[in-house]
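Values quoted throughout were computed directly from the atomic coordinates according to the rules given, and no laboratory measurement underlies them. On a predicted model such as this, the values are computed, not experimentally measured, just so you know. Here Cβ is always computed from backbone atoms with ideal geometry, including for glycine, and neighbour counts include all displayed protein chains.
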Amino acid sequence: MNDTVETTQTNSAETLSAPLSPGRKKRSPLGEVFFRLKRSPLAMFGLTVILILIFTAIFADVLSPYPYRKQDLTRTFETPSRDHLLGTDEFGRDILSRLIYGARVSLQVGFIAVGIALIVGGMLGAAAGYYGGWIDNAIMRVMDVLLSVPQTLLAIAIAAALGPGLFNLMIAVGIAAVPNYARIVRGSVLSIREMEFVEAARAVGSSDLRIILKHIIPNSMAPIIVQSTLGVASAILNAAGLSFIGLGIQPPYPEWGAMLSGGRQYIRDYSHLTLYPGLAIMFTILALNFLGDGLRDALDPRLKR
C-alpha cells in the first residue's frame with residue numbers, strides 16, 4: 001500500500017516537473033488573443049475581407065483596369081462584359097475601377113474619423129473618469145447633450161457647417177462619434193483607477209498624466225479596440241450617407257455613397273449602377289461587424305479557456 005502511494009506521488013512529481021510539450025507552450029497575450037480569434041470563422045472571414053480591402057486600397061493604381069476619371073461617352077450604361085467586368089456608368093466610366101478607388105476613400109475616412117473620435121473622446125473620457133467631481137459632471141453633461149442628437153444627424157449638421165469635401169467629411173464623422181468613445185473610456189477608467197497598481201504609482205510620485213497614459217489607458221484597451229473596430233463600420237456608413245446627400249466627397253472622385261447617389265436616378269433601367277456600390281458597402285460593414293464581435297469575444301477574460 002505504501003509502495004503504491006509512493007509510486008503515485010513520484011509519478012505526480014515527475015509530471016509536474018516535466019517540461020511543457022510544444023503544443024502546450026505558453027503564448028504571448030497577443031498570440032493568445034489571435035488564437036481565440038481564429039476559433040471564430042465569422043471573425044476570420046471579416047479579417048480576411050478587411051485585409052483584402054486594405055490591399056486593394058493601397059494598390060488601387062495597379063489593380064484598377066482603367067483610370068477612375070476616364071470617360072467614354074460612346075459606351076455609357078454598359079452591362080458587365082469582358083472589357084468592363086462590372087459595366088460602365090452614365091459617363092462611360094468603368095465601375096470596377098471606381099469601386100477599387102472608392103475602397104481607398106472609404107477606408108481612409110473610416111480609420112481617420114475613428115482616430116479623431118478616439119483621440120478626442122479618449123482624452124475627455126480619461127479626464128472625466130480619473131478626476132471625477134465637477135470635471136466629470138461638466139464633460140459628461142456635454143457628451144449627454146451630443147448623445148441626445150442622432151449621430152448621423154449630428155454629422156450632417158457638422159458637414160453642412162464645414163462644407164463638402166474629404167477633409168471636412170472626416171472631421172464631421174469623427175466629431176459625431178466622440179461621445180461614444182468618451183463614455184466607454186470613462187467607464188473603463190472608473191473601474192481601473194482604484195486598483196492597487198494605480199495606487200502604487202501614486203505612492204511613488206508619478207504624475208497624473210503618467211498614470212493615465214502608462215497605467216490606466218493600456219489596461220482599458222480591450223473595450224476601446226472593440227468599439228474602434230465597430231466604429232470604423234459606422235464611420236464608413238455615415239460617410240456614405242453624407243456623400244449620398246451631397247455633403248461628402250464631390251465628383252468626379254469615386255466614393256461608394258456618391259456612386260449610389262449618382263446611379264439612383266437610373267436604378268429602374270440600369271440597376272448595376274447602384275448594385276455594386278451597395279454590395280461593397282454591405283460587405284465592408286458586415287466584415288467589420290464580424291471582426292468586432294470576434295475581437296469582443298477574444299478580448300473578454302471571462303471567455304479564456
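May I ask you to list the trypsin sites (Lys or Arg not before Pro) in segment 75-133 that are in a DSSP loop and have at most 12 other Cβ atoms within 10 Å of their Cβ?
On the way: sites: ARG75, ARG82, ARG93, ARG98, ARG104; in loops: ARG82, ARG93.
Answer in residue order: ARG82.
Electrostatic tally near LEU147: other residues with Cβ closer than 11 Å to its Cβ, Lys and Arg +1, Asp and Glu -1, net +1.
Here the label points at GLU196 and ALA138, each 7 Å from Cα along the C-beta direction, are separated by 3.6 nm in the simple model. Count Lys and Arg as plus one, Asp and Glu as minus one, and take only other residues whose Cβ is under 13 Å from that of PHE244; the net charge is then 0. All other residues whose Cβ lies under 15 angstrom from that of ALA128 are scored, Lys and Arg at +1 and Asp and Glu at -1, for a net of +1.
Put a plus charge on the Cβ of each Lys and Arg, a minus charge on the Cβ of each Asp and Glu, and nothing anywhere else: the dipole of segment 240-302 about its Cα centre is then about 120 debye. Each of MET221, ALA201, GLY187 was scored by the projection of its Cα onto the charge dipole of segment 163-305, and the greatest displacement toward the positive side belongs to ALA201; charges sit on the C-beta of Lys, Arg, Asp and Glu.
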